[in-house]
Amino acid sequence: MGDTTAIEWTDATWNPVTGCTKISAGCDNCYAERFSERFRGTSGHPFEMGFDLTLRPERLDQPLRWRAPRMIFVNSMSDLFHKKVPEAFIARVCDTMERAPWHTFQVLTKRSSLMRDFLRRRYPSGRGPRHMWFGVSAEDGSRKSRIRHLQETPAGVRFLSVEPLIGPMGELDLTGIDWVIVGGESGPGARLMDPGWVREVRDQCLESGVAFFFKQWGGPRPKSGGRELDGREWSQFPHPPAAHAVAAE
């Protein structure tokens, strides 16, 4: 868990699970895998097992010890809804989030149908707590099914991460989506992002009244191209309606 982070749209990270497996083209140059594998075999290091999926129950209560409110990206080094993460463990992660309403938790997955089904079981009568944001990652227009699954998810806040954007998204249905993040790929072998792809997503957010956050252009390093789009930075955050049901209360 890091009490600081360079990720522009959050304040901290919390990793009760680490490691993952690739599921689509957006995973090809995974930063988390690249970082973790550097330490494979290093005795005593948190990533001694590299990027192998690892449950870390000793970290489950960490956010409860942070009294100052912050936005926390959950599992920046994994995917909470990986099929090999037991549902009972996912439930324990959600238990911690529900017990810490002074924080805002941001959970992001590519396993969108598994997230939808889990949250439907957990919050059967309405959208979940407003301080628990759940999102999906979609790297191009071929992954729109994840957006549909997100729309079917009873999350307190629903968000879409279009990062790394490696192809045009095309026409988007943003009904029920509260927030969209767009970013280019960074690191070795980073694939270029066409400015037209970014503008297409931004313009649809503006038309739909959805908060839009442009994270980065990407390149050899995350900050290589800066984060200005058409002469300004876009750093909007969602403001969920007060009418959302808080099922945990």
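All but one of (1) in a helix (DSSP H, G or I); (2) in contact with a strand residue (DSSP E or B) (Cβ under 9 Å, 6 or more places away or on another chain); (3) within 21 Å of Ala155 (Cα to Cα); (4) of a type in the set (A, V, I, L, M) hold for Ala88; state the number of the condition that does not hold.
Every listed condition holds for Ala88 apart from (2).
From the list Ser145, Ser137, pick out the single residue that is of a type in the set (Ser, Thr, Tyr) and more than 30 Å from Ala68 (Cα to Cα).
Ser145
How many residues are farther than 13 Å from Leu165 by Cα and either modelled with pLDDT of 95 or more or within 21 Å of the chain's Cα centre (by Cα) (or both) if we restrict to the stretch 188-216?
Count: 11.
Return only the number of the condition from (1) more than 22 Å from Val198 (Cα to Cα); (2) of a type outside the set (A, V, I, L, M, F, W, C); (3) part of a helix (DSSP H, G or I); (4) touching a strand residue (DSSP E or B) at 6+ places or on another chain (Cβ under 6 Å) that Asp117 does not satisfy.
Every listed condition holds for Asp117 apart from (4).
How about the stretch 45-64: which of its residues are of a type outside the set (A, V, I, L, M) and more than 15 Å from Thr13 (Cβ to Cβ)? Spell out how you get there, then give the answer.
Step one: list which residues in the stretch 45-64 are of a type outside the set (A, V, I, L, M), which gives 45-48, 50-52, 54, 56-59, 61-63.
Of everything in the stretch 45-64, those that are of a type outside the set (A, V, I, L, M) and more than 15 Å from Thr13 (Cβ to Cβ) turn out to be His45, Glu48, Gly50, Phe51, Asp52, Thr54, Pro57, Glu58, Asp61.
Among the residues of the stretch 57-72, are any surrounded by 14 or more Cβ atoms within 10 Å (Cβ to Cβ), farther than 24 Å from Thr153 by Cα and free of Cβ contacts under 8 Å to residues at least 40 places away in the same chain?
Yes, some residue in the stretch 57-72 is surrounded by 14 or more Cβ atoms within 10 Å (Cβ to Cβ), farther than 24 Å from Thr153 by Cα and free of Cβ contacts under 8 Å to residues at least 40 places away in the same chain.
Test Arg116 against the criterion of being free of Cβ contacts under 8 Å to residues at least 24 places away in the same chain, closer than 20 Å to Asp79 by Cα and surrounded by fewer than 24 Cβ atoms within 10 Å (Cβ to Cβ), and give yes or no.
Judged against the criteria, Arg116 is not a match.
Sort out which residues of the stretch 1-53 are part of a loop (DSSP other than H, G, I, E, B), among the charged types (D, E, K, R) and in contact with a helix residue (DSSP H, G or I) (Cβ under 9 Å, 6 or more places away or on another chain), and write them in order of number.
Lys22, Asp52
Looking at the stretch 122-136, is at least one residue closer than 22 Å to Val198 by Cβ and touching a helix residue (DSSP H, G or I) at 6+ places or on another chain (Cβ under 8 Å)?
Within the stretch 122-136, one or more residues are closer than 22 Å to Val198 by Cβ and touching a helix residue (DSSP H, G or I) at 6+ places or on another chain (Cβ under 8 Å).
Give me the pairs: first residue in the stretch 79-106 and over 24 Å from Phe51 (Cβ atoms), second residue assigned to a loop (DSSP other than H, G, I, E, B) and aliphatic (A, V, I, L, M), beta-carbon distance under 8 Å, and six or more apart or on different chains, which are they?
What qualifies is Glu98/Ala248.
The values are calculated or read from the model by the stated rules, or taken from the named source; none is laboratory data. Values in this document were obtained by computation on a predicted structure and should not be read as measured data. Please note: Cβ atoms are built from the backbone with ideal geometry, for glycine as well, and neighbour counts cover all protein chains shown.
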